[in-house]
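Written below as structure tokens is the structure these notes are about.
The values are calculated or read from the model by the stated rules, or taken from the named source; none is laboratory data. Everything numeric here is computed off the predicted structure, so don't read it as measured data. Note that we place each Cβ from the backbone using ideal geometry, even for glycine, and neighbour counts take in every protein chain shown. Heads up: the accessible areas ignore ligands, DNA and RNA and are worked out on the full protein's heavy atoms, side chains in. Shrake-Rupley method; radii C 1.70, N 1.55, O 1.52, S 1.80 Å.
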Amino acid sequence: MKHLKQTLKALLLVVLTAGFTSCSDDDDNGNIIEQDTTIAGLVSGSTNFEILLAAATRADLVTTLSTVSDTRLTVFAPNDAAFVAYLDVNTEADAIATINALPVATVRNLLLNHVLPTAVTASEVTTGYVKSLAENSTEDNLDLYISVSNNVVTINGDAEVIEPNVVADNGIIHVVDAVIPEATIATFATADSNFSTLLAAVAQEELAATLAGTGSFTVFAPTNAAFVALINADPNDGISSAADILALGNAGTSTTSVLDNILRHHVLGTAVRAEALSTTGATPATPLFAGGGLSIDATVTPPTITDGSGTTHDIIAKNITATNGVVHAIDGVLMPE
């Protein structure tokens, strides 16, 4: 941690002297002009964020990013090269033209997906989920998955912080090297290393496209530890490794494998947030695979879920929100009846 803080302080000095203009300037008569040092002002005063400024203007967010109040923001700011790559165009002018041709609501939500409702310095960033100001179709705030590893901060498994801690009057800017699209459920499965076994199983059974597509889903997502618990549960069940779990993809009917049925037992065909779970007792739910219903009990802490085989597990993280549904992390693998 000490090494991380020293590194970030060094980077901060570089940022304040190179990435953004933070000093006063002169007009043609030699008068001192104080620069706007709000988030919007710092972005507009830099030559590296012309596309971001155009997008903020298109989305009518300049006022939001220039308002100084008790609410201080964190902005993960993509530079011009990041926007050019994301929009798959050749020049900054092409990128701005593309931005201006998009619906205002689309640009607004994309930019808000880069904004946190509180100021967080790089030294305060920890691995986990945070809510952005972007929303899904039901007006629930979308999550970002932030990973901190070897002094590198990555958002949603792709965008990397390359210049941290640009201090503004109304918050903090962290420059990132990629635009951060609104996450689908599949995004979190890919970005969060705690779901690497689940990701491998989903990819093998070709369910990734479903979880990345349109729709409204609830996924009860087993962590890697949940799969380890399954491996260790019964020494005589033939499952002694992650490879044995993936091998279940070769077992079953000609159209549906055992592993496919198990995975579908974790998915509901509608988004169910934690606050919609029963507070008076067990709530039945039918997974995509009709191999026995799920029973959810929110009267206990943590809430529990009972699978089709009658085994109960804990819901250890709730309401990880994506564009196409919600994820609840669980500490066990749900088995059909």
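The residues of region 216-229 that are of a type in the set (A, V, I, L, M, F, W, C), open to solvent by 20 Å² or more (accessible area, probe 1.4 Å) and either within 16 Å of GLY249 (Cβ to Cβ) or not in a helix (DSSP H, G or I) (or both) amount to a single one, PHE217.
Cβ-Cβ contacts under 7 Å between residues 6 or more apart (or on different chains), taken from a first residue in region 229-258 that is over 26 Å from ASP314 (Cβ atoms) and hydroxyl-bearing (Ser, Thr, Tyr) to a second residue that is modelled with pLDDT under 85 and assigned to a loop (DSSP other than H, G, I, E, B), are listed as SER257/ALA251. In region 233-252, the qualifying residues are those that are in a loop (DSSP other than H, G, I, E, B) and either touching a Phe, Trp or Tyr at 6+ places or on another chain (Cβ under 7 Å) or of a type in the set (Ser, Thr, Tyr) (or both), and the one that is surrounded by the fewest Cβ atoms within 10 Å (Cβ to Cβ) is SER241. With respect to the conditions (1) among the small types (Gly, Ala, Ser); (2) open to solvent by 20 Å² or more (accessible area, probe 1.4 Å); (3) farther than 30 Å from ALA276 by Cβ, ALA212 lacks only one, and its number is (3). The helices (runs of 4 or more DSSP H) found wholly in region 153-215 and carrying at least 1 residues that are under 28 Å from VAL84 (Cα atoms) and modelled with pLDDT of 95 or more occupy 185-191. Residues in region 134-153 that are in contact (Cβ under 8 Å) with a residue 24 or more places away in the chain and not hydroxyl-bearing (Ser, Thr, Tyr): ALA134, GLU135, ASN136, ASP140, ASN141, LEU142, ASP143, LEU144, ASN151, VAL153.
When ASN109, ASN113, ASN100, ASN194 are checked against the criterion of being more than 20 Å from ASN319 (Cα to Cα) and of a type outside the set (A, V, I, L, M), ASN100 stands alone in meeting it.
All conditions but one from (1) under 9 Å from the mean Cα position of the chain (by Cα); (2) over 22 Å from ASN79 (Cα atoms) apply to ASN156; the one that does not is (2).
Of all the numbered requirements in (1) modelled with pLDDT under 95; (2) outside any helix (DSSP H, G or I); (3) open to solvent by 60 Å² or more (accessible area, probe 1.4 Å); (4) over 25 Å from GLU139 (Cβ atoms), GLY30 misses one, and that requirement is (3). Residues in region 85-101 that are crowded, with 20+ Cβ neighbours inside 10 Å and touching an Asp or Glu at 6+ places or on another chain (Cβ under 9 Å): ALA95, ILE96. When the residues of region 65-83 are filtered to those that are touching a residue at least 40 places away in the same chain (Cβ under 8 Å) and surrounded by fewer than 21 Cβ atoms within 10 Å (Cβ to Cβ), the one that is nearest to VAL176 (Cα to Cα) is ALA81.
Residue check: is VAL120 over 30 Å from SER216 (Cα atoms), free of Cβ contacts under 8 Å to residues at least 40 places away in the same chain and surrounded by 15 or more Cβ atoms within 10 Å (Cβ to Cβ)? Here the answer is no, as VAL120 does not meet what is asked.
Among the residues making up region 299-337, those that are more than 15 Å from ALA226 (Cβ to Cβ), open to solvent by 30 Å² or more (accessible area, probe 1.4 Å) and not in a strand (DSSP E or B) are THR299, VAL300, THR301, GLY310, THR323, GLU337. Pairs linking a residue in region 85-110 that is touching a residue at least 40 places away in the same chain (Cβ under 8 Å) to a residue that is among the aromatic types (Phe, Trp, Tyr) and open to solvent by less than 80 Å² (accessible area, probe 1.4 Å), with Cβ atoms under 9 Å and 6 or more positions apart or on different chains, are GLU92/PHE83; ALA95/PHE83; ILE96/PHE83; ILE99/PHE83.
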